[in-house]
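Structure first, commentary second.
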Amino acid sequence: MPIIAIEHLTKDYGHNRGVFDVNIRVDKGECYGFLGPNGAGKTTTIRHLMGFSKPQKGSTSILEKDSWGNSAWLQNTVGYLPGEVTLPPGLSGTAFLRMMEQMRGVKTKEYLQMLLERFELDPGISIKQMSLGVKRKLAVVTAFMHDPDILILDEPTSGLDPVMQETFIEYVREEKKRGKTIFLSSHIFHEVDAVCDRIAIIRDGKIVSEFQSEELKQKHDRIYRISFLEADSYAEFVKKPFTFTSKNKKKLRARVQIPADRVGELTAALKGFPIADFVEIPFTLEDYFMGFYDTGHHFEGVK
């Protein structure tokens, strides 16, 4: 039984805006990354998942409960962190946390206190006086204060400084180790790559790729940067029938993209050339993602 299920979800706002036939399932203990730029359909999907919007077609459910029919239950059960935070300006952070404790039936303050210390949040001031970053930290603490088993995170580190972003990523890693099920929507490659087991890329409201994160790292062409000691050697080598992603005549340097099973051909072709260095350039999630948004190219080996 999937913990989170999105089946043929469609919401068409017109002018190619919305989401179209989105299918996702997230199993227990899995961290699922939902990657795309702003406007691609990530937040629309999450709003349906949380029961805030009714699908035109398809369905969304958590723990086999239909989202639209159980939105109030979901808000008290799931750890939901929205992309845009709206907090009551007339309350202090402390008063807001107390109100949320009562709503969610939180019995102990130990976990809440841990979160306050972890995210370096002093909730004693008025929400109206809080900076964007402090409001974001208050939203983070509020989302997790009842120690939920399911986390729905929409652009979770937006508004956090770089140090606190790393603190958040480490926290999510720890929650994952505790067996939590996590759905993380983001446009930040490092964030998704650092914590997610499986990743989907959404473009123009449609999922264009879904893959295991480890699979991506293993199944792709290799890219090597080769620096030569002599101009003649450089000029001779770049005439060879390899795929060159860049050539730098001034620095006598070239990059070659080649399938993993043909690396032997490259090393054989380099025999006898005076080489300054031969370095493999790691293939990243960003490289794969930009293949869809720059050229529409689909890297072979990952679907």
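The values are calculated or read from the model by the stated rules, or taken from the named source; none is laboratory data. If you're wondering where the values come from, they're calculated on a predicted model, not measured in any experiment. In this analysis, Cβ positions are derived from the backbone assuming ideal geometry, glycine residues included, and neighbour counts consider all displayed protein chains. All accessible areas refer to the heavy atoms of the entire protein, side chains included, with ligands and DNA or RNA removed. Shrake-Rupley method; radii C 1.70, N 1.55, O 1.52, S 1.80 Å.
Here the chain carries DSSP beta bridges of which approximately 70% are antiparallel, counting only pairs with both residues inside. Both numbers refer to the Cα atoms of the range 63-107; Rg and Dmax are 12.6, 37 Å. The largest accessible area among 244, 292 belongs to the first residue in 244, 292, and the rest follow in falling order (1.4 Å probe, all chains). In this simple spin-label approximation, residue 13 and residue 113 carry label points 7 Å from Cα along the Cα→Cβ vector, and these lie 4.4 nm apart. Kirkwood Rh over Cα pairs of the range 176-250 into Stokes-Einstein at 20 °C, 1.002 mPa s: D in µm²/s? Taking Rh from Cα pairs, D becomes 131 µm²/s. Remark: the range 121-134, residue by residue, has Karplus-estimated 3J(HN,Hα) of 10, 9, x, x, 8, 5, 4, 4, 8, 6, 6, 4, x, 5 Hz, where x stands for each Gly or Pro and the curve is 6.51 cos²θ - 1.76 cosθ + 1.60 at θ = phi - 60°. As a length-normalised measure over Cα pairs under 8 Å and 6 or more apart, the relative contact order of the range 1-146 settles at 20 percent. In the range 1-50, Cα pairs under 8 Å separated by at least six residues give a relative contact order of 34 percent. Overall size of the range 110-192 from C-alpha positions, given as principal axis extents largest first: 34, 30, 19 Å.
The mean of 1/r over all pairs of different alpha-carbon atoms in the chain, once inverted, gives a Kirkwood hydrodynamic radius of 21.8 Å. Mean sequence separation of contacting Cα pairs (under 8 Å, at least six apart), scaled by the length of the chain, corresponds to a relative contact order of 20 percent. Classify the range 162-206 as rounded, prolate or oblate from the Cα gyration tensor: take a ≥ b ≥ c as the square roots of its eigenvalues, call it rounded if a/c is under 1.5, otherwise prolate when a/b beats b/c and oblate if not. It comes out oblate by the Cα gyration axes.
Phi-derived couplings, Karplus 6.51 cos²θ - 1.76 cosθ + 1.60 at θ = phi - 60°, listed residue by residue for the range 176-183: 4, 5, 7, x, 6, 9, 10, 10 Hz, with x used for Gly and Pro. Here the accessible area of the chain is 49 percent carbon and sulfur, with a 1.4 angstrom probe and all protein chains present. Once divided by 2.2 N^0.38 Å, the Cα radius of gyration of the range 2-74 becomes 1.05. With the other protein chains left in place, how much accessible area per residue, in square angstrom, belongs to the range 182-291 at a 1.4 angstrom probe? It amounts to 52 Å² per residue over the range 182-291. With the convex hull drawn around the C-alpha atoms of the range 223-292, the volume per residue stands at 95 Å³. Segment residue 125..residue 57, full-extension length gain: 20.0 nm, with 0.36 nm per residue of separation and the alpha-carbon distance subtracted. Surface exposure of the range 1-111, expressed per residue as accessible area with a 1.4 Å probe, stands at 52 Å².
With the biggest extent put first, the Cα atoms of the range 1-136 measure 45, 35, 25 Å across the principal axes.
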